[in-house]
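Values quoted throughout were computed directly from the atomic coordinates according to the rules given, and no laboratory measurement underlies them. Remember, it's a predicted structure, so these values are computed and weren't measured experimentally. Counting neighbours? That spans all protein chains shown, and the Cβs are built from the backbone with ideal geometry, glycine included.
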Amino acid sequence: MDSTEHQLIAVLVVVEIVQLLIFWLFVRRHYQISLRQLGRLAAQLAAGKRPGSFYIDGPPVVSQISRDLETVGLRVEDLQRQQQEEDRNLNTLLANMVEGVMVVDQRHVIRLVNDELLSLFELKQSPLNRTVLEALREARVELIVRETILGGEPRRNEVILESAAPGRPRRHFEISSVPIRAKKGGIGGAVVVFHDLTRIKQLEVVRSEFVSNVSHELRTPLAIFRGYLETLLDNPDLPPEELRRMLETLQRHSNRLNSLVEDLLTLTRLEARQVEVDSSAVRVDAFFRQIVRDWQQKEDARTAEIELQVPADLPPLEVDTLRFEQVILNLLENAVAYSNPPRRIVISTAVEGKRMEVRVADNGIGIPPGDVPHVFERFYRVDKGRSRASGGTGLGLSIVKQIVQSHHGTVDVESEVGKGTTIVIRLPLSQEHV
């Protein structure tokens, strides 16, 4: 070959090399763009964002990877939806539970609580990611959690915990702790449920005190009945004067027992909401004048002066006449029982905003401050000897409170030792008179 042919071949080789280089650069550029697009897709998925499109116009291998990423993205979204639904169900369940719930890990670190637990322990800050002892500051709760995790068996205990707030009563809890089984074996933590028994324990105390009080109230008159009956059986020929004295004593205690039973039945029906309130419009001044007239027919009324301070222009009051009359009569009896001559009782009424205020004030012995919060409790007596001597059952003010509450009202006590007591009743006015 001559030099011309050699030169032509060299040129062709160079052209072909240049073409290959151009093609290689084009393919490299195409791969780089496709890979950058693929990287952006992966970054968006890693950040939890859904790309607008998974399509990549690139080499087949890159396009296949983008389609695989789209499948992975859809699967992740499906799992996220399932997780969110499970979280919503769990949160709804925990939020509507009346028990406090706490989940701890094997290091006793709190991982989950519901709102009720925060309320039960009066926690001001979140206990999450803190140990049980650090968050609740209750060694007995920590001990139950430790025994559950170490023993791998459910635990149930009743504990009494002091309230965090000063002056608040102690709280009774039934604590149930169940271990959480890890997938690889062993114990991964515990679920602890707190059931508040405080109200139940308080009711048990009230029931016990009620039975004790009723037994005590029955014991004295029954002992008197038995003593006098034995005397009458052993001495059938007693003088008429002595016989009459015994019979009058038996009659007095019989009346007291009857009053006790009637008051117990009334109070029970009121507390069980078995008494219907038959309300009607009552003219206030006429109502109180009639009560005073009826009261003055009683023998005890002669020892007390009653003053009415009831304006004639007051709006009518919607009350059950018989029940509200029982309230006022009970208060008058209490005022007489706890006063010394000369007894003076003042009944006054006034409209205060949307309510009518009724006050029954006496000039009696008054109530010590420590007794005031308890005067509406059943069988509670400030002066036990004076109350029994007057024939009281210890249920009058409890009945007053229940009747007033059945009228959607409130009743309070204002008292000063040695100066007297005022019972304040507030009842709502009907809408047309507000």
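Our coupling estimate for region 186-191, obtained by passing each phi through the Karplus curve with A = 6.51, B = -1.76, C = 1.60 and θ = phi - 60°, is x, 10, x, x, 7, 9 Hz, Gly and Pro reported as x.
In order along region 97-114, the phi-based Karplus estimate (6.51 cos²θ - 1.76 cosθ + 1.60, θ = phi - 60°) of 3J(HN,Hα) comes to 7, 7, 8, x, 10, 9, 10, 10, 8, 5, 9, 6, 8, 6, 10, 7, 9, 9 Hz; Gly and Pro are listed as x.
A crude spin-label estimate for the pair LYS298 and LEU74, with each label 7 Å from Cα along the Cβ direction, gives 8.6 nm. The slack in the chain from GLU248 to VAL277, taken as 0.36 nm per residue of separation less the alpha-carbon distance, amounts to 6.7 nm. Taking a spot 7 Å from the Cα of VAL413 along the direction of its beta carbon, which residues of region 311-343 have an amide N less than 13 Å from it? Inside the label zone: 334-335, 338. Could I have the simple spin-label model distance between HIS374 and VAL98, label points 7 Å from Cα toward Cβ, reported in nm to one decimal? About 2.9 nm separates the two model spin labels. Partners of LYS184 within straight-line reach, counting lysines whose Cα lies under 16 Å from its Cα and excluding those fewer than 8 residues away in the same chain: none found. Under the simplified labelling scheme, the SER215-LEU133 pair shows an inter-label distance of 4.4 nm, with each label point 7 Å from Cα along Cα→Cβ. The LYS201 and GLN125 beta-carbon pair, evaluated with R₀ = 30 Å, returns a calculated FRET efficiency of approximately 0.55. Backbone amide hydrogens, once placed in the peptide plane, bring THR131 within less than 5 Å of ILE110, excluding anything fewer than 5 places away on its chain. Couplings 3J(HN,Hα) for region 220-237, derived from phi with the Karplus relation 6.51 cos²θ - 1.76 cosθ + 1.60 (θ = phi - 60°), are 5, x, 5, 5, 5, 4, 5, x, 5, 5, 5, 5, 5, 5, 6, 10, x, 9 Hz, where x marks Gly and Pro.
Applying a DSSP loop filter and a limit of 15 other Cβ atoms within 10 Å to the GluC sites (Glu not before Pro) in region 115-211 leaves GLU122, GLU162. The H on the amide N of ARG344, modeled in the peptide plane, is under 5 Å from the matching H of GLU305, ASN363, each at least 5 residues off or on a different chain.
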